[in-house]
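The values are calculated or read from the model by the stated rules, or taken from the named source; none is laboratory data. Since the structure is predicted, the reported quantities are computational estimates derived from the model, not experimental observations. Every residue, glycine among them, receives a Cβ derived from its backbone with ideal geometry; neighbour counts consider all protein chains shown. What goes into the accessible areas is simple: the full protein's heavy atoms, side chains included, and nothing from ligands, DNA or RNA. Shrake-Rupley method; radii C 1.70, N 1.55, O 1.52, S 1.80 Å.
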Amino acid sequence: MGILRIMMLPKIQLLAVLAFGVAMLLIENQIQKLDESRAKLERTIARHEVAEVEQRHSEYGGGREVPPIVENDDTVIIYNRVPKTASTSFTNIAYDLCGKNRFHVLHINTTKNNPVMSLQDQVRFVRNVTSWREMKPGFYHGHVAYLDFSKHGVKGKPLYINVVRDPIERLVSYYYFLRFGDDYRPGLRRRKQGDKKTFDECVSSGGSDCAPEKLWLQIPFFCGHYSECWNVGSRWALEQAKYNLVNEYLLVGVTEELEDFIMILEAALPRFFKGATDLYRTGKKSHLRKTTEKKPPTKETIAKLQQSNIWKIENEFYEFALEQFQFVRAHAVREKDGELFVLAQSFFYEKIYPKVN
């Protein structure tokens, strides 16, 4: 019997160790559940505190549906629109919304549509935008090159937005626009009206209106008011345009995905664009401006233009802008049942001190 008791001791010890291990696992599981419960409670309390702050702000500001224009509501958006990128279509949405959302829309009309301002006009424009309080909040739009406000010593900078388009598609659209106009103002006589030559015929004959140099436009608009920006085929201009797009623009969309651009803008800047997506969708694309008598170029024409270094550089910029926009979109919207919807807010505040009584 003594020997039997001695042999049973290791088994008892093993069972004790196992029981202890199971007990520790149960305790750790309970601790984890308590931690999770505490974290949920902290998030609930934080959300409640934030809701109270927002409620007080709402009561003080007169509601959240359409923010009133108050003295410090000085947001300014500049849309330095590139020609033939659906810019008129998008701008018309801003005009439709400005009354309801209570902001001002101003068209920047330059002499002979020159996108480069003189130095004195740059100074005037910067002073106007920053000090013209009666026009704030404001949405400025026009065919002007990017202008760096920080160079002029002002504190507040506007929010820049823009839209780009496939370089060849943009040039084809502009080519036919100069000859036939569009459905926006069909009665207006255009500069090349009467010229029946197709874009394919123009490229085949080496015409000036369809030369690769005419592709050089989107990069200069983003590059700005430096002389090198307007030197056709400049890689320095390309890199400067890329830098400005990433660092100075809130959002740059693409013509081919205009609805997504509008949806993201509405989510980011509801002060201006509340209702823009519905307006675009339910308007049966009434805002879309279509160039008349536009004929798609042949594969041979496209291949010929793509041999140009100018196209390669402009297309590199377009691809860069497209990739950046798709990156932003991937983190802003989701697709469900064939429909896109904006993601809800994914961050919140917690541990807010001192506590509000």
_Count of segment 337-357 residues which are closer than 16 Å to Arg281 by Cβ and of a type outside the set (Asp, Glu)_ = 4
*asked:* I need a count of the residues in segment 243-258 that are crowded, with 20+ Cβ neighbours inside 10 Å and either without any contact (Cβ under 8 Å) to a residue 12 or more places away in the chain or hydroxyl-bearing (Ser, Thr, Tyr) (or both).
replied: 1
*Of the numbered conditions (1) touching a residue at least 12 places away in the same chain (Cβ under 8 Å); (2) over 19 Å from Glu239 (Cβ atoms), Glu314 satisfies every one except a single condition; which is it?*
(2)
*Taking segment 90-105 as the region of interest, how many residues are out of contact with any Ser or Thr (no Cβ under 9 Å at 6 or more places or on another chain) and either outside any helix (DSSP H, G or I) or open to solvent by 20 Å² or more (accessible area, probe 1.4 Å) (or both)?*
7
_Among (1) open to solvent by 30 Å² or more (accessible area, probe 1.4 Å); (2) under 29 Å from Tyr318 (Cα atoms) - the single one Ser173 does not satisfy_ = (1)
*Tally, over segment 192-213, of residues that are part of a loop (DSSP other than H, G, I, E, B) and open to solvent by less than 40 Å² (accessible area, probe 1.4 Å)*: 3
_Conditions first: (1) open to solvent by 60 Å² or more (accessible area, probe 1.4 Å); (2) in contact with a Gly (Cβ under 8 Å, 6 or more places away or on another chain). Glu266 passes all but one, so which condition is the exception?_
(1)
*Sort out which residues of segment 324-357 are surrounded by 10 or more Cβ atoms within 10 Å (Cβ to Cβ) and either touching a His at 6+ places or on another chain (Cβ under 6 Å) or in a helix (DSSP H, G or I) (or both), and write them in order of number.*
Gln324, Phe325, Gln326, Phe327, Val328, Arg329
*For segment 106-117, does any single residue satisfy the condition of being over 18 Å from Ile262 (Cα atoms), open to solvent by 70 Å² or more (accessible area, probe 1.4 Å), free of Cβ contacts under 8 Å to residues at least 24 places away in the same chain and in a loop (DSSP other than H, G, I, E, B)?*
yes
_Based on this model, can you work out whether Thr75 counts as at pLDDT 50 or above, open to solvent by 20 Å² or more (accessible area, probe 1.4 Å), closer than 17 Å to His141 by Cα and not aliphatic (A, V, I, L, M)?_
yes
*Here are Ala241, Ala267: which of them is within 22 Å of Lys157 (Cβ to Cβ), among the hydrophobic types (A, V, I, L, M, F, W, C) and out of contact with any helix residue (DSSP H, G or I) (no Cβ under 8 Å at 6 or more places or on another chain)?*
Ala267
_Any residue at all in segment 80-87 that's of a type outside the set (D, E, K, R) and surrounded by fewer than 20 Cβ atoms within 10 Å (Cβ to Cβ)?_
yes
*Those residues that are assigned to a helix (DSSP H, G or I) and open to solvent by 40 Å² or more (accessible area, probe 1.4 Å), I need them from segment 214-239; list them, please.*
Lys214, Ser227, Glu228, Trp230, Arg235, Trp236, Glu239
*Scan segment 118-146 for residues that are open to solvent by 30 Å² or more (accessible area, probe 1.4 Å) and assigned to a loop (DSSP other than H, G, I, E, B) and jot them down.*
Ser118, Trp132, His143
*From Phe261, Phe327, which residue is aromatic (Phe, Trp, Tyr) and either in contact with a Lys or Arg (Cβ under 6 Å, 6 or more places away or on another chain) or without any contact (Cβ under 8 Å) to a residue 60 or more places away in the chain (or both)?*
Phe327
*Take segment 245-304 and flag every residue that is among the hydrophobic types (A, V, I, L, M, F, W, C), at pLDDT 95 or above and not in a helix (DSSP H, G or I).*
Leu250, Leu251, Val252, Val254, Leu269
*If you scan segment 147-167, which residues turn out to be open to solvent by 10 Å² or more (accessible area, probe 1.4 Å) and more than 20 Å from Thr110 (Cβ to Cβ)?*
Ser150, Gly153, Val154, Lys155, Gly156, Lys157, Leu159, Arg165, Asp166
